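Visitor: Supplied in structure tokens, the structure appears directly below.
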Amino acid sequence: MNPIILYHSRTGFTQQYATWLSEDLRCAALPYRQRGDVDFSRYDTVLFGSWFHAGRIMGKAWLVRQLPRWADKRVILFVTGAAPEGEGQLAAMERNFTAEQWGRLHPFYLPGGLRYDRMGAADRAMMAVFCRMLRAREGTGSPAYQALSQSFDLSDREKLRPIVDFCGEMK
Ligand SMILES: Cc1cc2nc3c(=O)[nH]c(=O)nc-3n(C[C@H](O)[C@H](O)[C@H](O)COP(=O)(O)O)c2cc1C
């Protein structure tokens, strides 16, 4: 297997997972902004890492455009979010794609967290609106409101085991 990792990350969770993966798989991990510099014909496996932004996977439109060109490649998609892992997260990933696109991907969800200090102003404002909405609906004692109104970190290297094992089986 000759893999490459391309990751889209703003506050660092996806970047951290991509860095751990690059160590585990002994391959390069490049940020999304460098995607134009990569000669993908050199790789048989692409691991695309990204994050949820209001249910949407960042960089998804670009990824979808590559799929016809990558017909002979294995494409692994890993997505981080603020939610802990669960079946709902894979379903949320699936909603970003058509059935045909989804069938081309090997999807994995990884728990990330929230880092308010590294968010852009627009994202911080979006989160503030969301938290106000939660507070109005569920009250200040709401566990979701309590959790999402501050920074937290659920990232865990062990969560990469299924991806590393999957890649090991492909060798
Ligand atoms: C504006 C905004 C919207 C978000 N929407 C979701 C979401 O729909 N589902 C989710 O699980 N996490 C959501 N998150 C949390 C991010 O996906 C999470 O912090 C992610 O790990 C960030 O990745 P990064 O650190 O690589 O940028 C959102 C975060 C922001 C700032």
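Visitor: How do the pairs read when you match residues in the stretch 40-59 that are on the phi > 0 side of the Ramachandran plot and modelled with pLDDT of 95 or more with residues anywhere that are more than 8 Å from the ligand (Cβ to nearest atom) and of a type in the set (A, V, I, L, M, F, W, C), using Cβ under 8 Å and keeping only pairs 6 or more apart or on different chains?
Guide: Matching pairs, first to second residue: G59/F48.
Visitor: Show the residue pairs meeting these rules: Cβ distance below 9 Å; 6+ apart or different chains; first residue within the stretch 124-149 and farther than 13 Å from A54 by Cα; second residue of a type in the set (V, I, T).
Guide: Q146/T140
Visitor: Could you check the stretch 93-106 and list, in sequence order, the residues that are within 14 Å of the ligand (Cβ to nearest atom) and either of a type in the set (A, V, I, L, M) or in a loop (DSSP other than H, G, I, E, B) (or both)?
Guide: Hits for the stretch 93-106 are M93, R95, N96.
Visitor: Those residues that are buried (at least 17 other Cβ atoms within 10 Å of the Cβ) and more than 14 Å from the ligand (Cβ to nearest atom), I need them from the stretch 140-159; list them, please.
Guide: Y145
Visitor: Being of a type in the set (V, I, T) and more than 16 Å from the ligand (Cβ to nearest atom) is the filter here; which residues of the stretch 13-52 pass it?
Guide: Within the stretch 13-52, V38, T45, V46 qualify.
Visitor: Right, another one. Being in contact with a strand residue (DSSP E or B) (Cβ under 9 Å, 6 or more places away or on another chain), surrounded by fewer than 20 Cβ atoms within 10 Å (Cβ to Cβ) and at pLDDT 95 or above: is that true of L77 here?
Guide: no
Visitor: If you check R104 against the conditions, is it surrounded by fewer than 16 Cβ atoms within 10 Å (Cβ to Cβ) and at pLDDT 95 or above?
Guide: no
Visitor: So, one more: If P68 passes every condition in (1) in contact (Cβ under 8 Å) with a residue 12 or more places away in the chain; (2) of a type outside the set (V, I, T); (3) more than 9 Å from the ligand (Cβ to nearest atom); (4) in a loop (DSSP other than H, G, I, E, B) but one, which one does it miss?
Guide: The number of the failed condition is (1).
Each row is one residue, and each column tells you yes or no for (1) outside the structural domain of Y32 (by TED's automatic domain parsing); (2) under 11 Å from the mean Cα position of the chain (by Cα); (3) closer than 21 Å to G12 by Cα; (4) in a helix (DSSP H, G or I).
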| position | (1), (2), (3), (4) |
| --- | --- |
| W62 | no, no, yes, yes |
| F78 | no, yes, yes, no |
| E85 | no, no, yes, no |
| Q89 | no, yes, yes, yes |
| F108 | no, yes, yes, no |
| R124 | yes, no, yes, yes |
| A128 | yes, no, yes, yes |
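The values are calculated or read from the model by the stated rules, or taken from the named source; none is laboratory data. Quick caveat, the model's predicted, so the values are computed rather than measured. Note that we place each Cβ from the backbone using ideal geometry, even for glycine, and neighbour counts take in every protein chain shown.
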